[in-house]
Structure formats: C-alpha cells, structure tokens
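Here the structure comes first, spelled out in structure tokens, and everything after it is commentary.
The values are calculated or read from the model by the stated rules, or taken from the named source; none is laboratory data. These figures come from a predicted structure and were not determined experimentally. As a convention, Cβ positions derive from the backbone with ideal geometry for all residues, glycine included, and neighbour counts pool all protein chains shown. Accessible surface areas use protein heavy atoms only, side chains included; no ligands, DNA or RNA. Shrake-Rupley method; radii C 1.70, N 1.55, O 1.52, S 1.80 Å.
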Amino acid sequence: MTPTQSFGLPPARRFVGLLALLLAAGYGVDAWQTLSVGRWHKPGAAIFPIAVAILLAISAVSVLLEKHGGADDPMPATFSLPEGADLRRLLKVLAAFAIYFVAMPLIGNMIASALFLLASMWLLSDDPKRSVARLAIYAIVIALSFEVFFVRLLKVQLPGGVFKQWLF
Amino acid sequence: MRFQSNLRRAAWAGFVLLAAVAGLSQSARAADEWPTRDITFYVPYAPGGSTDPISRKYAELLEKQLKVKVIVENKPGASATIGTGAVIRATPDGYTIGLGSSSSLAYQPLEMKGLAWKSANDYQSIAKLSDLPVILAVPADARWKTLDDFIAEAKANPRKLKVSVSGLRSINDIVIQQLNKLAGLRIVTVPFTGGGGEATLAALGGRVDGSSGFAPGMKGQIDAGKLRVLAVFQQGKYDLLPDAKPIGETPWKDTFPVGYYVIAPNGLPKAILEKLTAVSKTIVESDEFKSFLKANGYTSDPKIGDDMKQELAGYDAKFRDVIKFLDDDK
Amino acid sequence: MNSLQGLLYGLQIAATPTNLLAAFVGAFAGTAIGVLPGLGPVAGVALILPLTFSLDPTAGLIMMAGIFYGSMYGGSTTAILLNIPGESASVVTAIDGYQLAKKGRAGATLTIVAVGSFVGGTLAVVGVMMFSSSLANLAILFGPAEFFALTAGGLIVMSRISGGTLASALLPMTLGLMLGTIGQEAVTGETRFTFGIPDLAEGVSLVPVVVGLYGFAELMLLVEDRAHAANRPESVKMRDLLPTRTEWKRAVPSWLRGTFLGFLFGLVPGPAATLASFAAYRLEKATSKYADEIGTGAIEGVAGPEAANNSAATASLVPLLALGIPFTPIAALMISAMLVQGIQPGPLLITQHPEIFWGLIASAYIGNVMLLALNIPMVGVWVSLLRIPHYLFIPLLLVLSVIGTYSVRNSIFDVWVLLAAGIVGYAFNKLKFQLAPLVVGLILGPNIEKHFREALFLSDGDPWIYVQSPIAVTVWLLVAAILIAGFIARRRAAFADAMAQESSL
C-alpha cells in the first residue's frame, strides 16, 4: 500500500463551498459593475452572469449546509492524498508538464515532447536499474513519430520553435 | 599556455565571423529566396462562412504560384478581430499573412478599444480579393413583392418591421442601419448568431419579416422559392441574382458591400512585399479566380496595395457616420 | 425518384471504387483521430477539408462523413479504457464504460459500443431516407424561444445526470455555466471576465476542459497511486472480448431507445451528438430495468448514449442537406466543401445533385458497415494497449492530449486550461463532486443565454414569447413531468428503504 494521508471530507467540501461563495460574490459584483444590463427589448450582457452568480451562491450554500455522517450518507467520511515519495513524484511530473508548455513555443513541439517524455518516463519508472539511454530512445521515437504523423501527415500546426528551419 | 589562449581567441573570432556571415546570408537569403517554407494564411472567421471558400481558393492559387504549401488556419472570434490581430502582430517575414474584411479592418477599430490597429496605416495592404454584396430577402409568402412595398410599410410603421441579421453590428446590420438613416426608416434589426444560418432560419420560419445576409448562404432557399430577394445592396446588377433590384437604382444608393482583403504585418522586407504583391495581383486578376468569384456570388474588384488602403480609409469615414446615427438614435 | 430508387441509385454511386476507398479512408482516419484525446470530429473534418478539394465532390463529402462517424465512434475508446473522453459526446460513455473496464469487461464494452454505433447509425440512415423531406421543416419550427426551452429545460433535467447528491452536481454545473460566460459573448459582442488576457476573449473552449477534467485528472490519480495502477488487467482472454448473452440482451433495448432519441436530437439544429448522448444516458437512468446499476458499470449506460450519438450524427445530415444551413461546425465544414466545389446546398440539392444527396446517404450505410468491420477486430488491439507499462503510457498520453488540445485552436493558452482543468478534476474527484454536470453547464450555458436574449430581441422585450409556441410549451411540460416522476421515484425508494429497515428491526 502506498503511503497516504487522510483528511476529513466534510470540512474540505465546506471549504470548497466557501470558495465558491466568494467566487460567486466577486463574479456577480464584477458583472454588475462592468457589464450592461440593457433593457427589455435589448437585454444586455450582464443578465445571464448575474443569474449564474445567484445560482452559484445557492449551490455554494447548499454545499455549506450539507449534513454529513448520517446513516444514509452516501459519501465516505475521509479522502486521502499521497504523501512522501508519491507526493514528490506527482509534483515533479506536474512541474515537468508545466515546463513542457513553457518550452514548447521556444524550442518547438518535437524537441520539447522528447525531453518531457524522457523526464516523465524516468520519474515514473519504478525500476531502479532503468537505463536512461533506453528511455531516451523511446522518447525520441515517440516524439519523432508524433511529428511525422501530426505535423507532416495531418498538417496539425504545432509550434516549431527556433529550430524550425533546420528540421526536415 | 599562450598558444592555447591564442587558439581559443582565434576560434572565438572564427566562430563569431562564421555566425555573422551565416546570419547575414540567412537574412539576405530569406528575403531573396522567399518563400522557402510553408506560409500560414489566417482566416479570422470560423470555417463554413462566406469567407472560407474564398480564402481557400486564394491559398490554392498562391500555392501554385509560390511552390510552397499555404496553410489556411481559421482563427475565429471577437468579431474577427482575434485572427486579424494575429496577422498584424505577427513577425513580418512573409510567412504569416491573412484575410481581413472591411468589418474587421475598418469597422471594429471604431467600436472596440485596445486593438492593435486603428487605421490602414497599422498593417500592410496587399490586395483586395473581392466584394460581397448584402441582400435583403423576405419569406416567399410575404405580402411585400418589391423593395418599395417593404419600405412604404416600414415608413408607415416605424419599429414594426423586423429584419434578422447575423450578429449585432455585422456588415449586414450596418447596411440596414444605413438604409434606415438615408430613407428615414426605423427597421428593427434582430441579431442572430451562428454565421447567418439562424438569421436565415428565422426568416424561413416567419419569426422576422426579412433577413439581411449574403447570397452564398441563402441562394439554396432562393432558388427553391422559399425566399424572395427584394434588394441587393450594390450599385449595379448582381450576376448571381439578376432579378434582384440593386439599391443603386433607388434614391438611397449610398451603401457598401463587405470587402475581403489580404493583409500582412507592417515591416515586410521590400523584396518579399514586392513579390507577394505581384503574385497576389496575378491571382486576383486571373481568369480562374474571377470565374470562381462569379460562380459563388462574389464581385471581382481587384485593388492592389495603396488602392486597397485608400478604399479602407474611405470606409472608415462612412462607418463613423453610421455609428453617429446609431448613437443619436439610442 | 422515391426513397428506395434513390437509395439504389445512391448505392450505385457509393459503390464505385473511388467512393468506397473514400469511405474507407474516412472511417479509418476518423477512428484514428477520434481515439486521440482532444482530436475530435471537428478537428478531423477540418484537417481533411483541403484534401477533399482535389477529389470529386461526392467522394470528398463521403470521406468527410466517414471521418465524422469514425471519430464519433473512436472517441469512446479512450473513454472506456482510460476514462479519457476523446470528445465531448463521449463524456457520459466514460462514466459506466470505465467502471466496466475496471471490472475486466473492456473488450465486451467496446464490442457493445461498436455494434451500438452501427445500429444507431444504420437505423438513423433508414430514418433519414424515409422521412428526410417531411422532417426537414422541423428545424424551421425552432426559434429562440423553442431553443431556450430545449436548452434550459435540458440543463434542469440533466443536472442530476451522474447521480450523487444534488449539491455535488449543482456546484460543478454552475461552475460550468460560469466558465461559459468568459470571453466575447455572442449576442452583443461584449467582452466579459477576460482580465485583459487576449486568449480569453475567444472563451474557454470545451476540448481542454473535457480532456483535462477527465483525462489529465485520471492520469494524476495513476501517477500518485501505484497500487491503483497495479490493478490493471494483465492479459485479456479472447472470451472476455465478447459480450455475454446477458450483456447482449441488456444492450438491445438501450440501443433502440438511444437511436430513437438521437434521431430526434439530430433533426433539431444544435450540438446534437453531444446533447443526444447526455439525454440518452438520462433516459437510460429513467427507464432501464437496471437503472440502479447505472453509474457503477452498467452496459445500458454505454449502449444507449453510443447508439444515440451516432444516430444523431447521421440524422443531423437532414437539416444540413435539406436546408443548406449549418448548425454544427462539422456541417459548416461540409457546406464549405460543397461551396468550393460549386455546389449549392439547399432544398434543391436533391433534384439538382441527386448523386450527392443519395451518394451521401448510401455511403452512410457503407460507412457504418465498414466501421463495424474495422473496429470489431481492433477491440483486441485496444484492450492490449492497457498492458503497456505505465511509465511509458502515461507520458505518451499526456503528450497526445497536449497535441490534441493545442491543435483545436492553435493556442498554447488552451494547454494551460488543460492543466488547470486537470487540477480541478483531480480535486473534485477526491472531494466527491460530479464532473459531468460541469461539462453539461459549459456546453449548454452559452446556448441558453444566447437563445434567452435572442428571444427578447425578437419579441421586442415581451417575455411571453417563451411560452407562446406549442413546441416551447410541450418541452416545458415534458421537463416538469420528468422532474415530478423523478421526485416520486425517489420518494418511493426512500419509503421502501424505510419500510425495509423497519421490518428488519
């Protein structure tokens, strides 16, 4: 079993409800102030967002007022989040993913994909004896075949980056 | 030691020189030999509108002329200002050009704040592709047989007749407002979204009294006898609908079509600009392009470079007048 | 020419080698595109559009239609296997499909989907053929007020689509509605809630939200938890690829219900396929004998929606061909293809270009047969994908979903939306909020607002317009009936529970 940490579900849900309530307030006020309400024969852009803000507030309150722990409560009392090595690994993959987006317009999709594939494969592999060279070959083959299939064959426009003119 | 550092220095110098030469030849070559790779042609509208076929035809012919791929990319949204802005803000290397319309280039800068262009000085005019006139059609069973009938009733009953348009302040809305202004009418325009389809549907279903739109999307219904064309908003006869009365034959002749243009970002290298303009001139004046335009209801009106720029500047003044009329009417 | 003659004529046209090849290439490419997360039918048809210009019009349109059906089908594959809907119509398929896959029934489920798509598609073609002239006018009856009833009523009915408590569904749904208001709105063109970010002016698009909410969140769950990852079936026996007798028997009524519902949705302009699959799921929950199991891996929850979305996709050819008015991006692309070829779609198409009209209808038959022939043998291949080690598979899917998301609008911003949606999806998963209502809200929100306001523009400010037409009133009455029936059913169930508890005491 992987190490996890348990948290109480009801307080977490109430926290989400509170966030949603604040969001509803901010959103509604912004809509009221910046958008035009219009008139009956020319309904403006503010009407629907205001209705949505009210609905969001209602649903947020209904989450806040939920009764938990009854015999017929369909929800579990707790939820778990990873901790220790698992948490670190999850965050590392997320970070690699975000770096991948930032790098994509700069160095092009193909190279960014290959690097991301290599990094995340390495992070996710359980094998302590994993060979970087083997993973690198996988990464390059996958990135290259995506490039051929999507960019060359299907003409999907992906960022080429600064190396665009030297590739192919 | 000394020898080594000399060597290093020499290597550096050589590298810098090489890089400089490479860079120079790269940019000189880039302008002379343009194009060496695929060109992207942005269309600021969703596929399926009246803009799509014409863009793709131009791209097809450009491809034949330049011997590289021209990729048509739809970048719709925000009344065509997103795609138009993407062209205007692009690197001026000749590899990103695009379509602009009289609406996105001349009308929207008057209504929207914060766009990257205010006038025709802010982008490079290449060539005008075509005009497309607005038409006014009513359901076939409507009581108005002619434009005069329609206008007489509109005059007698201000704010009673409704005409569907594809979007508030789209060109087909503005054209009706211009008619309102010139003829002293108050025809109500009802905005529909969805690229003209819903506007046409509203007329077919009798929910509005007429629809102001473009012939390519409505021709099927017109030919089938479900819609009757009362007017075409241009000066002379419309080849696609020869029976429709041109507004040029009425007292309210001052109108405008929607125009489609090829634009590029400002600052193109001279060699590229000249080649692109020359090639575009060949295309818009070619028989193949002209017969395509004719078959699809577009009007050929080739205007290259500064001629196109002048036309857009003229629209600017006209649009300002209509906006003033609308503001006064509020 | 009557329908039968027309169909025979169409079959002659569709059965030429060129057109058969076009149908095959379309169905094949469509399936491949649909399987890739993010690349849905619209992207597929758009990618192929330039290619069709070099073909003759009939072959070009047949190929586009093939891609359309193929990708509708392909989108459910990843939904079932990995809980990653390939496109929005597959969102509901993921709910029960993924649960079934976890129970080791992935192969059987994929087979049920393939056959269900075939049934839905083929029956809908028969419907199109027989009623196309009389049903074409149905679309004309729908104006803003009727659409408002349909979309707003739909939202109310579908808010409880995936079970759970009302609050767990309502909150995500309103968040979906809220996301839908970002960007430039359709009616008066005001820009809302963009905070000066130009990319937001185009609005939050559906694909990154769906792929992120489901796919990315699911992948995060796999990353965090190796025990969960190890639960995957190591190998699937041939026997498990085929549905059992019971599964076949349970699927048939759902297919038929789904097909009928999908056909109706297809005739009405709008995002037919997506709405049809959501509505069919809702219908299964209301009518199936096994309604209790839906949500936990019931074959009905997959069979109904899949038949419905293919049936709707086919039926949506009716307004396209008969009116020449596009209501979906795909229809718009097909019309674009016709116009470039110099063909005027509209009521006269059937007489002016019978080869296109009947060729397209006949190719839908052929395309459906091809899809079935293509996909039944593929089921084994898809299922064996699950055996790829996770350290390879997860990065690969992440890259694929980025490419798919990016390609929809060529926007790196959408890729960030994917990441954000993934994090929200992960949190909602943990906190037991429902995800499907968020998607429903995002799809329906902009439509509801648009029709609501268009109706007021049309009536010059008279609110009675919403309940003046017989269609709008009928829709509202139906919504009320469904709500009341659901309420009574829940009360009865609660009462039965209470009785059971009492008697056990």
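Spin-label pair C:LYS289-C:LEU51: with each label point 7 Å from Cα along the Cα-Cβ axis, the two points sit 4.5 nm from one another.
Applying 1/(1 + (r/R0)^6) with R0 = 35 Å to the Cβ-Cβ distance of A:LEU65 and C:PHE495 gives a FRET efficiency near 0.90. Buried between C and B is an accessible area of approximately 3200 Å², summed over both sides with a 1.4 Å probe. Assuming charge only on the beta carbon of Lys and Arg (+1) and of Asp and Glu (-1), the dipole of the protein assembly as shown about its Cα centre is about 1400 debye to the nearest 20.
Using the empirical formula 2.2 N^0.38 Å as the baseline, the Cα radius of gyration of region B:134-256 reaches a ratio of 0.93.
Which of the three applies to region C:321-474, rounded, prolate or oblate, going by the alpha-carbon gyration tensor with a ≥ b ≥ c and a/c under 1.5 meaning rounded? Oblate is the answer for region C:321-474, as a/c is 1.5 or above yet b/c matches or exceeds a/b.
Counting, for every residue in A:57-68, the Cβ atoms of other protein chains within 10 Å of its Cβ and taking the mean gives 3. Note on B:ASP149 and A:SER131: the model spin-label points, each 7 Å out from Cα along the C-beta direction, lie 8.5 nm apart. Here the accessible area of chain C is 69 percent carbon and sulfur, with a 1.4 angstrom probe and all protein chains present.
Using a 7 Å offset from Cα along Cα-Cβ at A:ARG152, what residues in region B:60-75 end up with backbone N under 19 Å from the label point? Output list for this probe position: B:68-71. Between the chain alone and the structure with every protein chain in place, find the residues of region A:19-50 that drop at least 50 Å² of accessible area; heavy atoms, 1.4 Å probe. SASA drop of 50 Å² or more in region A:19-50: A:TYR27, A:LEU35, A:TRP40, A:HIS41, A:PRO43, A:ALA45, A:PHE48. Chain C against chain A buries an accessible area of about 5900 Å², both chains summed, 1.4 Å probe radius.
Taking only protein heavy atoms and a 1.4 Å probe, the accessible area of region A:1-81 is 69% carbon and sulfur. Taking a sphere under 10 Å around the Cβ of B:VAL43 and counting the other residues whose Cβ falls inside, with K and R at +1 and D and E at -1, yields a net charge of 0.
For the peptides C:299-309, C:425-435, residues were scored by their other Cβ atoms within 10 Å and the scores averaged per peptide; the highest-first order is C:299-309, C:425-435.
Comparing Cα centroids, region C:367-386 and region A:1-50 end up 43 angstrom apart. From helices alone, chain C scores -24500 deg cm²/dmol at 222 nm; the rule is -39500 (n - 2.57) for each run of n ≥ 4 DSSP H residues, then divide by the residue total.
Based on the Kirkwood approach, the hydrodynamic radius assigned to chain A is 21.1 Å, with every pair of different Cα atoms included.
Projecting the Cα atoms of C:PHE265, C:LEU419, C:VAL318 onto the dipole axis of the protein assembly as shown, where Lys and Arg carry +1 and Asp and Glu carry -1 at the beta carbon, places C:LEU419 farthest toward the positive end. Secondary-structure-derived ellipticity at 222 nm for chain B, considering helices only, amounts to -14500 deg cm²/dmol, per-run term -39500 (n - 2.57) for DSSP H runs with n ≥ 4.
With R₀ fixed at 41 Å, the C-beta to C-beta distance from C:GLU355 to B:GLN235 puts the FRET efficiency at about 0.60. Using the Cβ-Cβ distance between B:LYS69 and A:LEU81 with R0 set to 35 Å, the FRET efficiency works out to roughly 0.10. Spin-label model, C:TRP464/B:ALA313: points 7 Å from Cα along the beta carbon direction are separated by 5.6 nm. Mean partner shielding of peptide C:170-182, defined as the number of other chain Cβ atoms within 10 Å of each residue Cβ, is 6. For the protein assembly as shown, treating each Cα as an identical point scatterer without solvent, what Debye log10 I(q)/I(0) comes out at q = 0.08, 0.09, 0.10 1/Å? The Debye formula, applied to the Cα set alone, gives -0.81, -1.03, -1.28. The packing ranking of peptides C:206-213, C:168-175, highest mean first, is C:206-213, C:168-175, where packing means the average number of other beta carbon atoms within 10 angstrom of each residue. Contact residues in region B:57-78 by the 50 Å² criterion (accessible area, 1.4 Å probe, full protein complex versus chain alone): B:GLU73.
Descending by average beta-carbon neighbour count within 10 Å, the peptides C:76-84, A:105-113 line up as C:76-84, A:105-113, the highest first. Considering only B:SER291, B:PRO216, B:PRO44, the residue lying farthest towards the positive end of the dipole of chain B is B:PRO44, judged by Cα position with unit charges set on Cβ. Overall, the accessible surface of chain B at a probe of 1.4 angstrom is composed of carbon and sulfur to the extent of 53 percent. The Cα center of region B:253-267 and the Cα center of region A:73-133 differ in position by 49 Å. Rolling a 1.4 Å probe over the heavy atoms of the protein chains gives the protein assembly as shown an accessible area of 40 Å² per residue. Averaged over peptide C:425-435, the number of partner chain Cβ atoms lying within 10 Å of each residue's Cβ comes to 3. Among A:GLY69, C:LEU21, B:GLN234, whose Cα sits farthest toward the positive end of the charge dipole of the protein assembly as shown (+1 at Cβ of Lys/Arg, -1 at Cβ of Asp/Glu, about the Cα centre)? Value: A:GLY69. Using C-alpha pairs under 8 Å with a sequence gap of at least 6, the mean separation divided by the residue count of region B:40-172 gives a relative contact order of 21 percent.
Normalised by the number of residues in region A:17-168, the mean separation of alpha-carbon contacts (under 8 Å, six or more apart) gives a relative contact order of 19 percent.
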